[in-house]
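Engineer: Here you go, one structure.
The values are calculated or read from the model by the stated rules, or taken from the named source; none is laboratory data. From a predicted model like this one, the values you see are computed outputs, not experimental measurements. Here the Cβ positions follow ideal geometry from the backbone for every residue, glycine too, while neighbour counts run over all protein chains shown. To get the accessible areas, we keep the full protein, side chains included, count just its heavy atoms, and leave off ligands, DNA and RNA. Shrake-Rupley method; radii C 1.70, N 1.55, O 1.52, S 1.80 Å.
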Amino acid sequence: MYGEEPLFGLLNRLGRPAPNHRPWPRHVTDRAGWRLLIDHLGQNNWSLLGLWGDRAADGLSVHAALREDLSGDVGLVSLPCPDGRFPSLSAVRPAAIRLERAACDLFGLTAEGITDPRPWLDHGQWGLRHPLAQTPTFSTPPTAPYPFLKSEGHGLHQIPVGPVHAGIIEPGHFRFTANGETVARLEERLGYVHKGIEGLTRGKPVLEAARIIARLSGDSTVAHSIAFARAVESALALTIPPRAVWLRALMAELERLANHFGDIGAICNDAAFAFMLAELSQLREAVLRAADACFGHRLMMDCVIPGGVFPDIAETGPKRLLDLTIELRRRFAPLVAIYDNKASLQDRTVSTGIVNTGLVNRFGAGGHVGRASGRGLDARKSPGYAPYNDLEFEVPVLTEGDVNARVWIRIREVEQSLSLVEQIVRRMPGVPRGPDGITPPPLLPMDHILDHAKAGGGGEGMALVESFRGEILTWVRIAADGTVERCHPRDPSWFQWPLLEAAIEGNIVADFPLCNKSFNCTYSGHDL
Amino acid sequence: MFKHILRSLTGGPVTEAAPAPSPDGLAELAGLVDRAAKARLGRSLSIRAVDAGSCNGCELELHAMNNPLYDLERFGLRFVASPRHADVLLVTGPVTKNMADALRRTWEATPDPKWVVACGACAIDGGVFAGSYACLGPVETVIPVDLRIPAAPPTELLAGCWLCWSAARGRVATKTKNGRNHSFRPCHQNTARPNQAASGFPPKPRPALRRQRSSFRTTRPRFRANGIVGGPVASNSARHRSGSKGRRDLRAHPRAQNRHARLHPTKRGRASPAHDAESPRLRRQAFRRPVR
Ligand code: SF4
């Protein structure tokens, strides 16, 4: 499976690196090069990090980001598509299917030879076709219903669910085909919460765009904000105050804690063990209140912005967070013991919704979904970013791939995050007081950012950031006037949603909420 | 585990008291709206949350309102799984075009009388998503909105609920305990409600639905339907009053049945939605539920 050729060896043969792309190179190739890339993807197991369309002054193009998992090398390949067509990667990387369908819906970029040409985000309701293309065309609502994949056979029946679900959750449609109690096939249909975020950010000043990206997915608002901010900072070659780097990590870990607490509780609740939800939602609340006290917002929305962090942590914040970690440790351990010892709970979670390692690797899924199935990648370690290179933590990996494993990954990550919060609070660098006796916020002034943009003539940047779900990829192109020309945030859920379809196969319908919650993919972050 | 249970039993509830009473405090607001809700709906109010394109932030905070610390249910407000069981649709998000149809159909599926609450900046005016090719913006572009809660964090949301309810009753309280001004306002007057006919609201009930409902009523004992729709308060009280042991007894007891039907005419079709709108007397009755 492992090819001989390193990723960069191939990329250098494919084309020339584009100027002003940081921190990893972006190679521009032609159709022959793209086809060569497809050949090599079949022989190497580089993971596909993302694939997205783009419209620059010189026309449409498609970008693909790849990573060599062992070395952590990341590279981008771009193919200009003057005729709006490109050879599809879907045959060698099934994870590309939905990304290519989305690129087609938004830009009108046709993937030749794609295994599934149906629309994905476009439900025919926008009044426009290809809204991000050079010239969007008008459209009318479709007359025919969306063609779901067929599953036929004796005794099969369909159960349509959604888009409005029974709980307080986001909308999406699930089409089950069941044989009695057992699910024979699940097909997802998403895109209901498509808000046109990639279109909205276009032409916006970076700060305004950051506000939109912060609202991409409320539960990972910090992680998405960090990814966007770091991509912008890479594009403009900015160096932010070190304290801001540490504060960002602190917020990211608090966010991870809050979400994992909520998820573990909700998974147990879906297994009819409401006690855990009641207890763990109190822990979640404790984290959110601490975040509110430290940064002025419970979800820490808009606290991370390009150039740094605003506001700085409250003066009492570090003490409060250290107390919080002690309190959380004290209260979390007995709950873990209860989870571990409850036979009725284990009965539901063990061996339910199994995803095997091969599938996880094929789709390049990260986060708890990947780690519970033996794929132990974490963007904080590889490629790694500050301040995590200076911190001590482990990435838990299990191989069972069932709901139970995904719960345990979360439990272990909670423990790691608690330790990370302590380390960060203890070692965070301070900011010297200014000449006027006031401590400046850890933030670059906006003028400085604009000057950099003007001096460098803009630039392109990419960032990989580990959210609580897995790694986020954000790619931006900033114009010389400091506005965003193109921003593509790729949520980890893109590669996890397809696996949910595989996880539920052969399980009973009643276990679907449990599987779904153990994945906890985002709808909003995926639909953009 | 047993230690935990013991602690839960002996330690008292973790639910926080509403903040200390102050002229504009939450506690007072809670009391205020408790009265308001009681007067209209007895003690219970069923809320169906609909995400019409939110970023999920609003949903997280709605979840938080259900946690033991805020415990929304102690005030009789609870989230239900089906629009058929709901008095209130709580809509979040900037109504994406892909969700507009689903939202409209959820609204149609909610029996009258119903209220629509727009929750969060997105639902009120589209928030940062206003102007997108994929969003319609405010909820009222799709369904009539009665109340608006601009806040997201649970304490404010809680306060917002109360304020809205009291405001809906004509007592306008616009300041929170922090002295901050909220733009809570009763929107009956200035949204689609008064000229419903002109704007096509409410859409005609779908025939299949009506038929189904009436057959439900004739073939099954009424209290059962009440029990399902009206929640435990309604069904329990009915059972207690009739003093009977089972369903058949109650059906055989015309007085109990009548009384019950009189108390709960809302969702079960004695007064049809169309009736409601025409007759103010019936409509008023429709709001009334037993107060214990
Ligand atoms: S109001 Fe705020 S939290 Fe709610 S959906 Fe909109 S952006 Fe998200």
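Engineer: For the range B:78-113, how many residues are among the hydrophobic types (A, V, I, L, M, F, W, C) and in contact with a Cys (Cβ under 7 Å, 6 or more places away or on another chain)?
Structural biologist: 3
Engineer: Tell me yes or no: at least one residue of the range A:58-71 is small (Gly, Ala, Ser) and under 22 Å from A:PRO117 (Cβ atoms).
Structural biologist: yes
Engineer: Restricted to the range B:67-109, and to residues that are part of a strand (DSSP E or B) and of a type outside the set (S, T, N, Q), which residue is nearest to the other protein chains (Cβ to nearest Cβ)?
Structural biologist: Once the filter is applied, the top-ranked residue is B:PHE79.
Engineer: Restricted to the range A:506-524, and to residues that are of a type outside the set (Gly, Ala, Ser) and closer than 24 Å to A:ARG101 by Cα, which residue is surrounded by the fewest Cβ atoms within 10 Å (Cβ to Cβ)?
Structural biologist: My answer is A:ASN516.
Engineer: Here is a follow-up. Might you check whether a residue that is at pLDDT 90 or above and within 30 Å of A:VAL465 (Cα to Cα) occurs anywhere in the range A:147-159?
Structural biologist: No: zero hits.
Engineer: So which of B:LEU77, B:LEU62, B:LEU163 ends up being at pLDDT below 90, within 16 Å of the ligand (Cβ to nearest atom) and crowded, with 21+ Cβ neighbours inside 10 Å?
Structural biologist: B:LEU62 is the lone residue from the list that is at pLDDT below 90, within 16 Å of the ligand (Cβ to nearest atom) and crowded, with 21+ Cβ neighbours inside 10 Å.
Engineer: Follow-up question, since we're still on this one. The conditions are (1) open to solvent by less than 10 Å² (accessible area, probe 1.4 Å); (2) part of a loop (DSSP other than H, G, I, E, B); (3) more than 13 Å from chain B (Cβ to nearest Cβ), and A:HIS194 fails exactly one of them. Which is it?
Structural biologist: Of everything listed in (1) open to solvent by less than 10 Å² (accessible area, probe 1.4 Å); (2) part of a loop (DSSP other than H, G, I, E, B); (3) more than 13 Å from chain B (Cβ to nearest Cβ), A:HIS194 misses just condition (3).
Engineer: Return only the number of the condition from (1) assigned to a helix (DSSP H, G or I); (2) in contact with a Pro (Cβ under 6 Å, 6 or more places away or on another chain); (3) closer than 16 Å to A:PRO171 by Cα that B:ALA64 does not satisfy.
Structural biologist: Against the list (1) assigned to a helix (DSSP H, G or I); (2) in contact with a Pro (Cβ under 6 Å, 6 or more places away or on another chain); (3) closer than 16 Å to A:PRO171 by Cα, B:ALA64 comes up short only on (3).
Engineer: Could you tell me which residue of the range A:139-159 is nearest to the other protein chains (Cβ to nearest Cβ), considering only residues that are surrounded by 12 or more Cβ atoms within 10 Å (Cβ to Cβ) and not in a loop (DSSP other than H, G, I, E, B)?
Structural biologist: Checking each candidate, the answer is A:ILE159.
Engineer: Report the residue count in the range A:26-70 for those that are open to solvent by 20 Å² or more (accessible area, probe 1.4 Å) and part of a helix (DSSP H, G or I).
Structural biologist: 9
Engineer: Hey, among the residues in the range B:116-134 that are at the interface with chain A (Cβ under 7 Å from one of its Cβ atoms) and part of a loop (DSSP other than H, G, I, E, B), which one's nearest to the ligand (Cβ to nearest atom)?
Structural biologist: B:SER132
Engineer: Would you mind telling me which numbered condition in (1) within 11 Å of another protein chain (Cβ to nearest Cβ); (2) in a loop (DSSP other than H, G, I, E, B); (3) not β-branched (Val, Ile, Thr) A:GLY199 fails?
Structural biologist: (2)
Engineer: Among the numbered criteria (1) open to solvent by 10 Å² or more (accessible area, probe 1.4 Å); (2) more than 7 Å from every other protein chain (Cβ to nearest Cβ); (3) in contact (Cβ under 8 Å) with a residue 60 or more places away in the chain; (4) farther than 23 Å from A:LEU283 by Cβ, which single criterion is violated by B:ARG48?
Structural biologist: (1)
Engineer: Taking the condition closer than 30 Å to A:PRO87 by Cα, of a type outside the set (Ser, Thr, Tyr) and either within 12 Å of chain B (Cβ to nearest Cβ) or open to solvent by 30 Å² or more (accessible area, probe 1.4 Å) (or both), does A:GLY127 pass?
Structural biologist: So A:GLY127 passes the test.
Engineer: Let me ask you something else. Restricting to the range B:22-59, name every residue that is among the polar types (S, T, N, Q), more than 16 Å from the ligand (Cβ to nearest atom) and either at pLDDT 85 or above or outside the structural domain of B:ALA123 (by TED's automatic domain parsing) (or both).
Structural biologist: B:SER46
Engineer: Would you mind listing the strands (runs of 3 or more DSSP E) fully within the range A:423-528 where at least 1 residues are within 14 Å of chain B (Cβ to nearest Cβ)?
Structural biologist: Counting at least 1 such residues, we get A:484-490.
Engineer: Here is a list: A:GLY296, A:GLY196. Which entry is in contact with a strand residue (DSSP E or B) (Cβ under 8 Å, 6 or more places away or on another chain) and of a type outside the set (A, V, I, L, M)?
Structural biologist: None of the other options fit; the residue is A:GLY196.
Engineer: Same structure again: (1) in contact with a Pro (Cβ under 6 Å, 6 or more places away or on another chain); (2) in a loop (DSSP other than H, G, I, E, B); (3) within 16 Å of the ligand (Cβ to nearest atom); (4) not hydroxyl-bearing (Ser, Thr, Tyr): which one isn't true of B:VAL145, the others all being true?
Structural biologist: Single failed check for B:VAL145: (1).
Engineer: Report yes if A:THR474 is open to solvent by less than 50 Å² (accessible area, probe 1.4 Å) and over 19 Å from the mean Cα position of the chain (by Cα), otherwise no.
Structural biologist: no
Engineer: I want to confirm something. Restricting to the range B:103-115 and keeping residues that are under 12 Å from A:VAL164 (Cα atoms) and open to solvent by 20 Å² or more (accessible area, probe 1.4 Å), which single residue is farthest from the ligand (Cβ to nearest atom)?
Structural biologist: Step by step, filter the range B:103-115, then rank; the result is B:ARG105.
Engineer: While we're here: Test each condition in (1) under 21 Å from A:ARG230 (Cβ atoms); (2) modelled with pLDDT under 90 for A:VAL245 and report the one that comes out false.
Structural biologist: (2)
Engineer: Identify the residue in the range A:206-250 that is free of Cβ contacts under 8 Å to residues at least 24 places away in the same chain and assigned to a helix (DSSP H, G or I) and, among all such residues, is least open to solvent (accessible area, probe 1.4 Å).
Structural biologist: The extreme case among them is A:ILE212.
Engineer: So, one more: Filtering the range A:350-365 down to residues that are in a helix (DSSP H, G or I) and not small (Gly, Ala, Ser), which residue is least open to solvent (accessible area, probe 1.4 Å)?
Structural biologist: A:VAL360
Engineer: Which residue is most open to solvent (accessible area, probe 1.4 Å), if the candidates are limited to the range A:283-308 and must be in contact (Cβ under 8 Å) with a residue 40 or more places away in the chain and within 21 Å of A:LYS517 (Cα to Cα)?
Structural biologist: Checked the range A:283-308; the qualifying residue most open to solvent (accessible area, probe 1.4 Å) is A:LEU299.
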